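Every read-out reported here was derived from the displayed coordinates using simple, explicitly stated rules and does not represent laboratory data. Being a predicted model, the structure only gives us computed values, none of them experimental. We place every Cβ from the backbone using ideal geometry, glycine too, and count neighbours over all the protein chains shown.
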Amino acid sequence: MPTRAMILACCVLLASIFTVLPAEGQNDTSSSQAANDNTLEGTVVSASRDTLVVRTDEDKFQLFTYDRGAVRARSLAPGGRVRVTAGPADENGTRSASNVTVLSAAQSGGAGGTDKSAQAAPVPQKVRDVESDIKREGRRWRMGVRAGAAFDPELFMFGIQSQMGPIFHPRVLFRPNAEFAFGEVTDLIALNFEAVYRFSAASRRGNWTPYVGAGPAMIFIHQNFESGRQIDFGNFDYETGLNILAGMQSRRGTFIELKTSLYSGPAPKFRLIFGYNF
């Protein structure tokens with residue numbers, strides 16, 4: 001029964017991944033076709049390494065991320081007027097900018113300057129929330145926690161992880177983690193050195209992003225079929241394995257993941273993991 005549940009969960013997750021991929025591929029294509037035709041002028045409200053919020057002349061607020069290789073000024077100060085060339089909005093209303101041109105610098109002091117017009121209306125909370133999510137996801141280093149179930153043998157598991165990157169490529173992250181699992185007769189400690197590849201660029205990422213990954217694992221397993229057993233770390237057997245995984249992660253940091261371990265002896269064949277990156 002647990003094996004059937006595991007197979008069903010695996011099928012559901014894989015179907016979700018391949019359903020999301022075509023839609024995101026269409027977004028990327030439409031973005032590249034329309035990027036040169038969509039321009040917007042307005043006043044800078046806030047700017048960071050990953051995001052730009054502009055208030056238009058119609059008193060609307062637009063959140064931008066940046067294409068890879070986007071042309072932009074080194075300093076975008078609040079209150080300055082800019083022209084932004086960008087693609088169509090994604091599901092969060094965010095647009096991916098390919099070119100940001102400063103039309104006029106922010107005015108200091110302020111007798112009727114641009115700074116006042118930039119603050120004429122408050123930024124909608126929805127825009128602020130999405131901006132915060134993008135900034136959080138753009139961090140080069142993040143910590144996280146994870147928990148879930150393993151099958152064959154059946155174990156409950158929990159652990160911690162670190163996420164670093166991107167490395168070598170904008171969509172590749174290094175994600176080492178430690179997992180601790182225990183069951184009726186089996187206890188396990190696994191140190192996993194995994195890398196993941198995300199299927200969408202940071203500038204066009206929706207609420208959920210599918211990913212795949214792999215990496216070596218150092219696995220320590222202890223099994224005892226006697227009643228009243230006690231964990232003795234001196235009795236752990238060591239196995240070296242190869243992890244292969246697939247999952248989806250949200251902009252807010254929540255993720256769901258399926259993982260299997262190869263060449264690892266009595267280690268669990270499948271793991272269903274839920275987690276969160278801070």
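What whole-number value in cubic angstrom gives the convex hull volume per residue for the C-alpha atoms of region 131-176? Present the calculation step by step, with values, prior to reporting the outcome.
Values: hull volume 4.7 nm³, N = 46.
With only Cα atoms used, region 131-176 gives 103 Å³ per residue.
Take the Cβ atoms of ASP237 and ARG139, set R0 to 51 Å, and the FRET efficiency comes out at 0.85.
In this calculation the C-beta distance from ALA178 to THR101 is compared with R0 = 45 Å, giving a FRET efficiency of 0.40.
Legend: calculated FRET efficiency, VAL123 to ALA214, from the Cβ-Cβ distance at R0 = 35 Å, rounded to 0.05, equals 0.25.
Electrostatic tally near THR101: other residues with Cβ closer than 14 Å to its Cβ, Lys and Arg +1, Asp and Glu -1, net +3.
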